[in-house]
Amino acid sequence: MSDTPPQRLATRAIHGHTADDAYGSPYPPVYNTTTFGFASTADLLDVIDGRTRGGLYTRYGLNPTIFALEETLAGLESAEAAWVFASGMAALSALFLTHGRDGIVCVGDAYGGTLELLERQLPGLGLRTHCILGHETDRLDALLADGVKLVFFETPTNPTLDIVDIRAMAARAHAHGALVAIDNTFASPVNQRPLELGADIVMHSATKYLGGHSDLTAGVLMGSRALLEPVWAWRKNLGTVPSPETCALLSRSLRTLVVRVRQHNANAQAVAEAMARHPKIARVHYPGLPDAPGHALAKTQMNGFGGMLSIVVRGGRDDATRVADRLKLIRLAPSLGGVESLVTQPCTTTHHGITPEERARRGIPDAMLRLSIGLEDAGDLIADLEQALGD
Ligand SMILES: *Cc1c(COP(=O)(O)O)cnc(C)c1O
């Protein structure tokens, strides 16, 4: 477990931005403007040349509402800097275009959009990309020896909730002078802070736990100033800055992040334990279960086990579909990390585009259901699953 006391994080989530002293507002006001005026050309040049921080033009990210959000986000991941983006995919695109030019290796299962970008789009721009399974460590060493300079992965992974050893991967990559970037969306900074464990860059789809209410789309990259600096021009010229309104909404969400994630953890643990006892469930994937393959490792790098879990229904694909379709409280929808619980069947959604054989190779049976456990009463969620699993 990390030695950062949770109180520190909870406080930073609420007070982690420089106060706006003009009118004593307790939270950052929304500067819903595209441009900012200056008293003199000298003042304008101070902002353009980075000598003073101030508003200039919102697409550049030079807007006080964006600054306040980025300051809070950087604090949550113990990062020097954070850049926000219009979506998680916008953040990943800028990351790969900036730091992936000497090759990218993606280890283990990743978000569908990430794999599509890596396998189909970036190679067309001449980037060398490699997607390998989590256990193919001999291939990883060969790629690192061959000069690949960016190692990217998710942990816990989607949808099998495998745990990847962040410290070990960082040591391995750094021995070859490669960077480690982690998609920390599933864990959230409350449960896991990869930069404290040796990773170089952290990415989030803020659409998920950081936003937490299924009402905004945004992304973020965090890391050292030196590594984030070159990403800035890509964001500016791809034009992927989020609107000030979205940033204000995300800042509002961050104030409750810590209490939300703690409750997601508690609810998911209760649901996982109930499902592990259920006769119609063949398997539960949740790192918080003591017999989960990743449990011991998770305890060394996570403060909580998260709100995501997967269950494998006894029978086949149609039996799982029947359960998904019979759930009443838990909605059938993609996405995750919101206050409301959601269910998806990976073979019909996130992993629909790959063959059944490839799904089997990745350990994703067609009878698997992925649950994003929300903040409803855990007993009501368990009752909903029990009625859906009933005869
Ligand atoms: C949703 C998601 C993304 C993509 O984020 P968007 O905000 O939808 O662009 C990337 N990685 C993970 C793990 C996700 O869940």
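Give region 349-378 a look and list any residue that's closer than 20 Å to S214 by Cβ and open to solvent by 50 Å² or more (accessible area, probe 1.4 Å), or say none.
Within region 349-378, the first condition is being closer than 20 Å to S214 by Cβ, and the residues that meet it are 349-350, 369-378.
Residues satisfying the conditions are T349, T350, L375, D377.
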What residue, of L95, L125, L115, is over 22 Å from L342 (Cβ atoms) and out of contact with any Leu (no Cβ under 7 Å at 6 or more places or on another chain)? L125
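Please pick out the residue among L249, L221 that is surrounded by fewer than 23 Cβ atoms within 10 Å (Cβ to Cβ) and within 16 Å of the ligand (Cβ to nearest atom). Break it down stepwise before answering.
On the way: L221 fails: surrounded by fewer than 23 Cβ atoms within 10 Å (Cβ to Cβ).
From the options L249, L221, the qualifying one is L249.
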Among the residues of region 74-100, write down those that are part of a loop (DSSP other than H, G, I, E, B) and within 15 Å of the ligand (Cβ to nearest atom). A86, S87
Is there any pair linking a residue in region 269-295 that is more than 23 Å from L375 (Cα to Cα) to one that is open to solvent by 10 Å² or more (accessible area, probe 1.4 Å) and in a loop (DSSP other than H, G, I, E, B), with Cβ under 6 Å and at least six apart or on different chains, and which? K280/R314; A282/R314; G294/D162; G294/I163
Qualifying residues in region 207-218 (those that are touching a Leu at 6+ places or on another chain (Cβ under 6 Å) and among the hydrophobic types (A, V, I, L, M, F, W, C)) - the one nearest to the ligand (Cβ to nearest atom): A218
Out of region 107-124, which residues are in contact with a helix residue (DSSP H, G or I) (Cβ under 8 Å, 6 or more places away or on another chain), part of a helix (DSSP H, G or I) and away from the ligand (no atom under 11 Å from the Cβ)? L118, L122
Listed residues L227, L195, L238; which is touching a Ser or Thr at 6+ places or on another chain (Cβ under 6 Å) and open to solvent by 20 Å² or more (accessible area, probe 1.4 Å)? L195
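Any residue in region 50-69 that is closer than 22 Å to V180 by Cβ and either open to solvent by 60 Å² or more (accessible area, probe 1.4 Å) or modelled with pLDDT under 95 (or both)?
Going residue by residue through region 50-69, those that are closer than 22 Å to V180 by Cβ are none.
So far as region 50-69 goes, no, none of its residues is closer than 22 Å to V180 by Cβ and either open to solvent by 60 Å² or more (accessible area, probe 1.4 Å) or modelled with pLDDT under 95 (or both).
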Given the condition aliphatic (A, V, I, L, M), within 14 Å of the ligand (Cβ to nearest atom) and not in a helix (DSSP H, G or I), answer yes or no: does some residue in region 127-148 qualify? no
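The values are calculated or read from the model by the stated rules, or taken from the named source; none is laboratory data. What you see is a predicted model, and the numbers here were worked out from it, not measured in a lab. Cβ sites come from the backbone with ideal geometry, for glycine too, and all protein chains shown count toward neighbours. These area figures cover heavy atoms from the full protein model, side chains too; ligands, DNA and RNA do not enter into them. Shrake-Rupley method; radii C 1.70, N 1.55, O 1.52, S 1.80 Å.
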